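Undergrad: Provided herewith is a single structure, encoded as structure tokens, for subsequent inquiry.
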Amino acid sequence: MTDQDWSTWASVPWAPVTDSSTATSSGNIIGWHKQRVPYVPGDHCLSLQTLDVWIPASGSETDSQIPPQTSDLPKLPGRWLVFIHGGAWRDPKVDSSSFSAAALKILSIVTTRIPKSGWTVPLAGMASLNYRLSPYPTHPEDPSPPSDPGATPDPARQAKHPDHIQDVLTGIAFLQRLGGALGSYLLAGHSCGATLAFQAVMNPTRWGLENPPVIAKPSILLGVNGLYDLAGFIAHPPRGYEHLRMAYDEFTRAAFGDDVRVWKAACPATAEAWPKDWIEGKRLYLVDSEEDTLVPNDQIEALRKFLWANSSLPIELRGAPGGHDEIWIKGDRLAELCLEAVGRLDLRQGIRVELLPEDDPYYAIGMSMLTLTPM
């Protein structure tokens with residue numbers, strides 16, 4: 001840890017997070033949030049080389065209302081979870097804030113609801129990473145490069161593999177130098193963020209990086225509506241998804257270039273023998289949204305087939321309602337899954353957390369928002 005790391009961390013203040021998740025919320029502070037902290041110290045940090053951090057409020061009711069020191073990352077008991085957003089490696093409208101709804105729900109659960117049940121979830125903090133994006137010249141609102149030939153392209157949106165995974169590793173390494181996400185932690189990702197999560201546990205020499213960031217790897221991966229076999233989809237799109245072939249081909253070439261061998265090496269259903277790189281791995285969660293019209297279930301099936309042949313890691317399959325992005329837009333189901341996985345990091349106490357819908361009679365009378373089941 002360098003003085004420059006701490007100076008960069010301290011440049012963004014903590015902001016309070018209040019329990020605004022229900023109509024009857026008290027407005028009490030349930031956590032603290034740092035937004036868009038640069039993880040590349042100094043003047044070389046680009047606009048998308050940042051991360052968000054949330055920590056739960058702790059201690060007595062009075063103490064929980066007092067903000068941490070700006071320069072501190074409090075050493076709270078428990079585990080960390082780190083999230084990587086999706087957006088096909090190029091969408092400027094999908095960023096680290098896509099975890100905000102789930103983070104609010106998680107903070108509400110671990111600080112106000114689970115303690116009342118007599119259970120505890122060992123959560124110390126959460127982080128959501130931004131990373132450089134690939135060009136998206138056809139984006140309807142914010143094309144990159146800009147449609148105006150006289151405008152200067154944003155260098156944070158000119159990335160090509162392995163720039164994306166280099167940023168993810170750099171962000172995690174920065175967080176770990178501060179004391180976060182050490183030991184056993186959960187790494188989760190949505191869509192292409194799930195691809196990046198799997199890349200993060202592979203040997204970084206695969207990407208040809210000079211002096212790659214060194215990280216302590218997670219114990220559990222959680223992939224949500226992930227892209228696991230790009231070459232397979234583009235070559236043979238499944239029935240009902242044929243109309244997406246050109247879009248997949250476009251964003252894959254923008255992110256990885258034209259060499260199909262590079263596509264295969266970057267995807268966890270086709271990268272050669274990558275489970276051998278992840279000796280820290282304890283468990284995988286693979287999540288599929290029921291009404292996903294952008295990523296077919298075939299992507300999970302391709303990864304499962306690969307893992308059955310190349311790994312003995314336990315695989316937990318989970319479902320989610322709604323379409324491709326609904327899981328992070330609403331946040332409830334993503335929060336449930338993250339808490340379940342975090343609970344499995346402590347093998348002495350694994351839990352499954354299910355949020356009751358607002359029309360449930362127990363919710364309506366304020367009995368509980370949770371069903372907690374020992375695993």
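Undergrad: Counting only residues that are in a loop (DSSP other than H, G, I, E, B), open to solvent by less than 30 Å² (accessible area, probe 1.4 Å) and either charged (D, E, K, R) or in contact with a strand residue (DSSP E or B) (Cβ under 7 Å, 6 or more places away or on another chain) (or both), how many does the range 178-213 have?
TA: 3
Undergrad: Out of the strands (runs of 3 or more DSSP E) lying entirely within the range 287-375, which hold 2 or more residues that are modelled with pLDDT of 90 or more and under 25 Å from Ser96 (Cα atoms)?
TA: 315-320
Undergrad: Also, I was wondering about something else. Is it the case, given these coordinates, that Ala335 is over 19 Å from Gln199 (Cα atoms), of a type in the set (A, V, I, L, M) and surrounded by 13 or more Cβ atoms within 10 Å (Cβ to Cβ)?
TA: yes
Undergrad: Still on this model: Would you mind telling me which numbered condition in (1) touching a strand residue (DSSP E or B) at 6+ places or on another chain (Cβ under 8 Å); (2) at positive phi; (3) of a type outside the set (Ser, Thr, Tyr) Gly240 fails?
TA: (1)
Undergrad: I'm trying to understand the selection: among the residues of the range 316-332, which are in contact with a strand residue (DSSP E or B) (Cβ under 9 Å, 6 or more places away or on another chain) and open to solvent by 50 Å² or more (accessible area, probe 1.4 Å)?
TA: Leu317, Pro321, Asp325, Glu326, Asp332
Undergrad: Now a separate question. All but one of (1) in a loop (DSSP other than H, G, I, E, B); (2) free of Cβ contacts under 8 Å to residues at least 40 places away in the same chain hold for Asp249, so report the exception by its number.
TA: (1)
Undergrad: Restrict the check to the range 18-25 and report whether at least one residue is over 14 Å from Leu104 (Cβ atoms), modelled with pLDDT of 80 or more and either in contact with a Ser or Thr (Cβ under 6 Å, 6 or more places away or on another chain) or in a strand (DSSP E or B) (or both).
TA: No, the range 18-25 contains no residue that is over 14 Å from Leu104 (Cβ atoms), modelled with pLDDT of 80 or more and either in contact with a Ser or Thr (Cβ under 6 Å, 6 or more places away or on another chain) or in a strand (DSSP E or B) (or both).
Undergrad: Just need a number here: residues in the range 214-232 that are part of a loop (DSSP other than H, G, I, E, B), in contact with an Asp or Glu (Cβ under 9 Å, 6 or more places away or on another chain) and open to solvent by 10 Å² or more (accessible area, probe 1.4 Å).
TA: 4
Undergrad: Considering (1) surrounded by fewer than 18 Cβ atoms within 10 Å (Cβ to Cβ); (2) touching a residue at least 12 places away in the same chain (Cβ under 8 Å), say which one Asp288 fails and leave the rest.
TA: For Asp288, the exception is condition (1).
The values are calculated or read from the model by the stated rules, or taken from the named source; none is laboratory data. All of these numbers come straight from a predicted model, not from anything done at the bench. So basically every Cβ, Gly included, is an ideal-geometry build from the backbone, and we count neighbours across all protein chains shown. The protein model used for the area step is the full one, side chains on, heavy atoms only, and it has no ligands, DNA or RNA in it. Shrake-Rupley method; radii C 1.70, N 1.55, O 1.52, S 1.80 Å.
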